[in-house]
Structure formats: structure tokens, C-alpha cells
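To keep things clear, I will list the structure first and then write my remarks on it.
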Amino acid sequence: MNKTIINTLNAPAPIGPYSQAVKTGNMLFISGQIALVPDTGELAMTDITMETHQVMHNLKAILQEAGMNFNNVVKTTIFLSDMVLFSDVNEVYGKYFNTTFPARETIAVKGLPKNVNVEISMIAID
């Protein structure tokens, strides 16, 4: 199995022992992204809208590094700190897809890294 590690300075550096993404064959597996601003390492958490946009910007940067975009995404997982955030996150998330949406699940969890409110991972196909 050939695998290529995908890393870009336009998305936050991993905060643990993992890669931003791994590509194998025509499949790209993107690790969960939170609202870290790549340039500063600070969290963009003024409100859930800003937080979700930053997460999506980070995912976009990784997709671009792999030569892909949101049209290539076939599956996402959204982790929320509380389901009360679902509609606000959903509204922002939906703006990043042009025509069709990937398969997805959204789950509330007890805690997320750095006490953020949203984390999103993706699978894309080239």
C-alpha cells in the first residue's frame, strides 16, 4: 500500500502524533480539524459561526494541498460539544458545498481538543 502524508502550512500543525491527512490511492483521509488559526496557533472562537468557518478554512487548505476541493468530499464526521449548536454549524458547513453534499454523521461528545465546540474530519476521493 502506498500512502502519502499531506501537510500544509495553510492549516494548523497537528497537536498530537498524527498527520493533517493521508492519501492512499485516490482516497484522502483528513484528520479532524478544529478552529486553530494556522498563522498564530490561536483559536478562532468568538462565536460558533466564526469557529465553524475556521474549521472549514483549515479543511479547504488541506484539500487544496492534495489537489482537491469540497466537490471531492464523499464523507464527513462532525463532532459537537453540544447538539444545541447543530443548526448554526449546519448553516456554515452547507455553504462550502456547491451542488451535492457528502454522506455525514453529526455527533455530540463529552469533550473535544482544546475545549473547542466543533471538530470536522473528511474523506475525499480524487
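Here the extension length gained between MET83 and TYR96 equals 2.6 nm, from 0.36 nm per residue of separation less the Cα-Cα distance. Partners of LYS114 within straight-line reach, counting lysines whose Cα lies under 22 Å from its Cα and excluding those fewer than 8 residues away in the same chain: LYS60. Electrostatic tally near ASN117: other residues with Cβ closer than 12 Å to its Cβ, Lys and Arg +1, Asp and Glu -1, net -4.
Counting only Cβ charges, +1 for Lys and Arg and -1 for Asp and Glu, the dipole size of the chain around its Cα centre is about 420 debye. Ranking ALA108, GLY25, HIS57 by how far each Cα lies toward the positive end of the dipole of the chain (charges on Cβ) leaves GLY25 at the top. Using only Cα atoms, tell me the angle between helix 48-65 and the longest principal axis of the chain; keep it within 0 to 90° and round to the nearest 10. Helix 48-65 sits roughly 0 degrees off the main axis of the chain.
If both residues of a DSSP beta bridge must be in the chain, then about 75% of such bridges are antiparallel. Multiplying the residue separation of MET50 and ALA13 by 0.36 nm and subtracting their alpha-carbon distance yields 11.4 nm. For TYR96, no residue whose modelled amide H falls within less than 5 Å of its own remains once neighbours fewer than 5 places apart on the same chain are excluded.
Taking 7 Å steps out from each Cα toward its Cβ at VAL74 and ALA108 produces label points 3.2 nm apart. Set the Cα radius of gyration of the stretch 4-125 against 2.2 N^0.38 Å, with N its number of residues, and you get 0.97.
Converting phi to 3J(HN,Hα) with the Karplus coefficients 6.51, -1.76 and 1.60 and the offset θ = phi - 60°, the stretch 97-112 yields 10, 7, 10, 10, 9, x, 5, 6, 10, 10, 10, 8, 10, 5, x, 10 Hz in sequence order, with x at every glycine or proline.
No value in this document is a laboratory result; all are computed from the given coordinates. Only a predicted model underlies this, so the values are computations on that prediction, with no experimental measurement involved. Note that we place each Cβ from the backbone using ideal geometry, even for glycine, and neighbour counts take in every protein chain shown.
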